[in-house]
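Chemist: Attaching a single structure in structure tokens format; questions to follow.
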Amino acid sequence: MAQQQMNTETSAFDVLSRPVVPTERVVARLRPHGRVLLWPALALIAGSGAAAYAFGLFTETWQLWTIAGVLAAWVLFAVLLPYALWLNRRYIITTRRVISRRGFFVRERTEIFHGRGYSTALRRGPLQSMFRSGTLVLTSGIDKPLVLADVPRADLVSEALNELVERSQTAGASLRSSAGSIVPPRPPLPGA
């Protein structure tokens, strides 16, 4: 009983000593627009057709192995490599931050917090406008800008990011004002 009472006293003290931070939830998980996978799909179809034609044209064993090797290299570089490059980029938007991740062997992770405040700029090319995608540039003014390249439905993502920044700014202001009443005042400086 005494142990339970001590645990509740400790937890009550912990709650009073630090502000309550809401839990972080994932709002969206994004990858670059999928239209970049059109060319690898067409390359796979064209490579398979060309290999089938070449297999019917040549009869020597070494020629067939050469065709198989060329087809394997074609599939590796024209199909699998672009698909792997598309898979290695991921953008995660949470209620507290934006995270950009890329890389397989050497991972690079960049994040920017909504509470710091940042501006969003949307850039679109003609093809991106047609597919309603775009490149979002998040600039905080302090760090290097975070670039979310070729995001699908970029206008909706931009609006969501602006709303998250606004919510974070208002929540941060209310936390600072409520924390001011809990934190005791500083003692006066010596000689003042």
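Chemist: Which value, in Å² and to the nearest 10, is the accessible area of His33 when all protein chains are kept and the probe is 1.4 Å?
Modeler: Taking all protein chains as shown, His33 has close to 30 Å².
Chemist: I'd like the accessible area for Arg124, computed on protein heavy atoms only with a 1.4 Å probe and all protein chains in place. Round to 10 Å², please.
Modeler: 100
Chemist: Which parts of the stretch 39-56 would a label at Ala73 reach, counting a residue when its backbone N lies under 20 Å from a point 7 Å out along Cα-to-Cβ?
Modeler: Flagged as within label range: 40, 43-56.
Chemist: Under a Cβ-only charge scheme (Lys and Arg +1, Asp and Glu -1), can you give me the dipole magnitude of the stretch 39-180 about the Cα centre, in debye to the nearest 20?
Modeler: Values: 16 positive and 9 negative charges, 115 e Å.
Computed charge dipole of the stretch 39-180: roughly 560 debye.
Chemist: In what sequence, highest mean first, do 53-65, 149-161 appear when ranked by Cβ atoms within 10 angstrom? Mind dumping the intermediate values first?
Modeler: Values: 53-65: 10.7, 149-161: 18.2.
Result, highest mean Cβ count within 10 Å first: 149-161, 53-65.
Chemist: Carbon and sulfur atoms: what percent of the 1.4 Å accessible area of the stretch 98-174 do they account for?
Modeler: After summing per-atom areas, the C and S share lands at 56 percent.
Chemist: So, for the stretch 31-135, what is the accessible surface per residue at a probe of 1.4 Å, expressed in square angstrom?
Modeler: 66
The values are calculated or read from the model by the stated rules, or taken from the named source; none is laboratory data. Small disclaimer: the values here were computed from a predicted structure and weren't measured. A quick note on method: Cβ atoms are made from the backbone with ideal geometry, for glycine too, and the neighbour counts reach across all protein chains shown. Each accessible area value is taken on the protein alone, full model and side chains, heavy atoms only, with ligands, DNA and RNA left out. Shrake-Rupley method; radii C 1.70, N 1.55, O 1.52, S 1.80 Å.
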